[in-house]
Amino acid sequence: MIHLTPLRFSVCALATALLAACASTPAPAPVVQPNANLVVQGIPPVPQSLADTVGRYNDFRGHSFTDWHPTKREMLVSHRKAGADTAQLFRVTSPLAEGEQLTDGIDPVVRASYEPREGRYIVFERATGGNEVAQIYRLALGQPGALPVLLTSPNERHAVNTWLRKSGQLIYSSVPIDRTAEGGSRAKIATTLWLMDPEKPEARRKLAELDGGGWGTGRPSPDERQIPLTRYLSANESQIWMMDAASGVARQVVPAVGSQEPKASYAPAGWSPDGRTLWIASDRAGEFRELMKLDLASSRIDRVSSHIPWDVSGVTMTEDGSRMAAQFNVDGRDEIRFFDPATGQELPAPAVLPNGNVGTARYNTSRGELAFSISNAQGPSQIYSLGTDGRVQQWTRAAAPAGLDTSTFAEQQIVRWKSFDGTAISGLMTKPPAAKFSGKRPVLISIHGGPEGQATFGFLGRSAYFVQELGMALIQPNVRGSAGYGKSFLAMDNGFKREDSVKDIGALLDWIATQPDLDASRVLVTGGSYGGYMTLAVSTNYADRIAGAIDVVGISHFVTFLKNTESYRRDLRRVEYGDERDPAMREHLEKISPLTNAAKIRKPLFVIQGKNDPRVPYTEAEQIVAKVREGGTPVWYLRAENEGHGFQKKENQDYQFYATVLFMQQTVLK
């Protein structure tokens, strides 16, 4: 006889035990799901707990000044409101008043201008998905429910340039978009200047067609008969032309045609009330850009700010020519200086201005009130005004995340080291709080783009988390080729000298090894655009001295980059990087490109890219990712289908930030 009952009891007991075991197994930890526009490869799941921990550092929201109203004491600002994904336009009608939102949408709006006579409407630029093909729109004010009206052709890239204020007509530029490689269908790149009444766009008139893509305009002369133009040829060379507003005929003003003067940069900065003198900024007299006066009749140029050994970075004047303020880039921090336009003498500051790095500064042309923005280590950009009575008023207040005291954030300090050839290199270092972190600290080297960019003082934003909460020392180097240190320094990385700037980072690694509070065995390098190239180049040249690298929209091969970048940028970039059509230069660019040396990348790599990038096409990222993976090195890849040259949408920025922290945890924070 077969007895089944004991077996039945044992099966039941087993089932009960299994159910109990299952009940005691913890549920999988929740993770952050990337949104539908993100392509995620090789990145481990991001724990929700990580996102919750870093969340406070994800919502800093400052304000950028855009324009003064022509008749009222109010201004346009660009700002990302709470819960929004992108920055939009707001009208602020008085100091610290709540802004009235004017634009909305999935793409940011940061450039705009009031109609100059009565301020009845605004015009603004907006591109799609980061493609930088900006279109110009008109938006009526004071009409509830008014929608933006498209004024331009989507097949061209446009920019708002300036106004003829007396007639209310807009001067704007357009450049055809054609990413056809060199030798393709479009043989010539030209910039077209148009004159348009934004309320009658169909009646626009072509003013001029100018050779090349590096043209910009200054403010018209007081009688609006002449319009100064800037022709940008390279970071070290530009010209000022003058265009007749009626005929569109343009002529070169400085340097004089056929001049044997050394290359220099020139830019228009303002007019004397009688229209006889053009204020300019130029480095023709020395290493730094100075404020100068150009007498148009005699072509005589007088130096005004030669006593200030730094670049003038911006100039603003009142319409009557009675007031002038100029910004100077003093070792990475913009400061405002005041001048008497009649005599050219510097004046004492009429008031003590808030501490920090000055962003935009602009006079209300009729009232003489100066708007300016300030950022510092304790907060993002905020807008103030300086009245004719010397009173400073705050117009906006940056939003600080709840529970986060930014007043304790560390200040940036200037550090200096000698490079391989004895050249002095500097950068900004932000150290973690000593009371919270002890011992040798890991280092994040963050390299700026450009290459003629500059690491400057100001708010670190999300990067403050790395310092304040992860205990990392942040170093932002200004390698040779950076702006702000004289035109000779600016040109020290051009053409065949490209890798000298990479050696500056090698010298920085040497310097880090000598610092008692920095851990040279835990160094992470990152950078965006040209800084992305530098990151990849450091990964190939100093693989044994770093723990990992984060490349953001970086150049991986100079020849493919020059072939595929937008056509209007190609010739301007050739001046900087070298002309790949020259056999010797092509061989050099092939040799130094990170893609050629990808087998040397042996430390973990994180690559971040926007699919619609017109500057550094996404193919630069795809090819380095594929090549490095072939060698077996771990590669994380994050691509946003709705972004361009860097992420602008908050939900994409957030995921990039989460993944970056995770990458740090797995490389230098283990």
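Might you report the magnitude of the Cβ-based charge dipole of the chain about its Cα centre, with Lys and Arg at +1 and Asp and Glu at -1, to the nearest 20 debye? Numbers along the way, then the final one.
Numbers: 74 positive and 72 negative charges, 138 e Å.
For the chain, the charge dipole is close to 660 debye.
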>> In whole Hz and in residue order, list the ³J(HN,Hα) couplings for segment 475-480 that follow from phi through the Karplus curve 6.51 cos²θ - 1.76 cosθ + 1.60, θ = phi - 60°; x for Gly and Pro.
In response: 10, 10, x, 10, 6, 4
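Loop-only chymotrypsin sites (Phe, Trp or Tyr not before Pro) in segment 291-356, please: DSSP not H, G, I, E or B, and at most 10 other Cβ atoms within 10 Å.
Hits after loop and neighbour filter: nothing returned.
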> Heavy-atom accessible area of Lys200 with all protein chains present, probe 1.4 Å, nearest 10 Å²?
Replying inline: 120
> Using a 1.4 Å probe on the protein chains only, how many percent of the accessible area of segment 521-609 belongs to carbon and sulfur?
Replying inline: 50
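Let's see if you can work this out: charge +1 on each Lys and Arg Cβ, -1 on each Asp and Glu Cβ, no other charges. What is the dipole magnitude of segment 521-641 about its Cα centre, in debye to the nearest 20?
300
So what's the net charge close to Gly610: Lys and Arg +1, Asp and Glu -1, counting the other residues with Cβ under 12 Å from its Cβ? Mind dumping the intermediate values first?
Values: positive: Lys611, Arg615, Arg639, Lys649; negative: Glu132, Asp613, Glu620, Glu641, Glu643.
Overall, the nearby charge balance is -1.
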> What residues have an amide H closer than 5 Å to that of Ala190, excluding those fewer than 5 places away on the same chain, when H is modeled at 1.01 Å from N in the peptide plane?
Replying inline: Gly212
> If R0 is 60 Å, what FRET efficiency do you get for Gln143 and Lys591 from their C-beta distance, rounded to 0.05?
Replying inline: 0.50
>> Give me, ordered by chain and number, the residues 5 or more places off Asn478 or on other chains with an amide H under 5 Å from its own placed amide H.
In response: Ser426, Gly427, Leu428
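For n ≥ 4 DSSP H runs only, could you compute -39500 (n - 2.57) per run for the chain, divide by its residues and tell me the 222 nm figure to the nearest 500?
Values: 11 runs with 123 residues, N = 670.
It comes out at -5500 deg cm²/dmol, rounded to the nearest 500.
Quick check: at a probe of 1.4 Å, how many percent of the accessible area of segment 631-670 sits on carbon and sulfur atoms? Write out the running numbers ahead of the final one.
On the way: 510 of 1290 Å².
C and S fraction of accessible area: 39 percent.
Taking all protein chains in place and a 1.4 Å probe, what share, in percent, of the accessible surface of segment 317-424 do carbon and sulfur account for? Before the final figure, lay out the partial values.
On the way: 2200 of 4800 Å².
Result for segment 317-424: 46 percent of the exposed heavy-atom area is carbon or sulfur.
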> For the chain, with the dipole built from +1 on Lys and Arg beta-carbon atoms and -1 on Asp and Glu ones, taken about the Cα centre, which of Ser282, Pro95, Leu150 lies farthest toward the positive end?
Replying inline: Leu150
> Ala267's amide H: which non-local residues (gap 5+, or another chain) put their own amide H closer than 5 Å, with H modeled 1.01 Å from N in plane and none for Pro or chain starts?
Replying inline: Ala281
>> Per residue, how much accessible surface does the chain expose to a 1.4 Å probe? Answer in Å², no decimals.
In response: 42
>> Starting from the Kirkwood Rh over alpha-carbon pairs, what translational D in µm² s⁻¹ does segment 59-163 have by Stokes-Einstein at 10 °C and 1.306 mPa s?
In response: 112
>> Give the residue list of trypsin sites (Lys or Arg not before Pro) in segment 431-511 that are DSSP loop and have at most 13 other beta-carbon atoms within 10 angstrom.
In response: Lys436
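Order 509-518, 571-580, 162-171 from most to least packed using the mean count of other Cβ atoms within 10 Å.
Working: 509-518: 14.7, 571-580: 19.2, 162-171: 17.5.
Most protected by this proxy first, the peptides run 571-580, 162-171, 509-518.
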> (1) -0.57, -0.70, -1.09, -1.21; (2) -0.35, -0.47, -0.94, -1.13; (3) -0.37, -0.49, -1.01, -1.25: which one is log10 I(q)/I(0) by the Debye sum over Cα atoms at q = 0.06, 0.07, 0.10, 0.11 Å⁻¹ as calculated from this entry?
Replying inline: (3)
> Can you give the accessible area of Ser299, probe radius 1.4 Å, in Å² rounded to 10?
Replying inline: 70
>> Checking the cross-link filter: which aspartates and glutamates have an alpha carbon closer than 13 Å to that of Lys611, excluding same-chain neighbours under 8 positions apart?
In response: Glu132, Glu620, Glu622, Glu641, Glu643
> Dipole magnitude of segment 198-310 about its Cα centre, charges +1 at Lys/Arg Cβ and -1 at Asp/Glu Cβ only, in debye to the nearest 20?
Replying inline: 100
>> Give me a comma-separated list of calculated 3J(HN,Hα) values for segment 199-216, in order, Karplus coefficients 6.51, -1.76, 1.60 applied at θ = phi - 60°, integers in Hz, x for any Gly or Pro.
In response: 8, 9, x, 5, 9, 4, 10, 6, 8, 6, 10, 10, 6, x, x, x, 9, x
> In sequence order, what are the phi-derived ³J(HN,Hα) couplings for segment 567-581 according to the Karplus relation 6.51 cos²θ - 1.76 cosθ + 1.60 with θ = phi - 60°, rounded to whole Hz, with x for glycine and proline?
Replying inline: 4, 6, 9, 4, 5, 5, 6, 4, 4, 7, 8, x, 8, 5, 7
> Which of Leu589, Tyr577, Val628 sits closest to the plus end of the dipole of the chain, meaning its Cα is farthest towards the positive end, when Lys and Arg get +1 and Asp and Glu get -1 on the C-beta?
Replying inline: Val628
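The values are calculated or read from the model by the stated rules, or taken from the named source; none is laboratory data. What you see is a predicted model; the values in this text were computed from it and never measured. Note that each Cβ is placed from the backbone with ideal geometry, even for glycine, and that neighbours are counted across all protein chains shown. Just the protein is used for accessible areas: all its heavy atoms, side chains included, with ligands, DNA and RNA removed. Shrake-Rupley method; radii C 1.70, N 1.55, O 1.52, S 1.80 Å.
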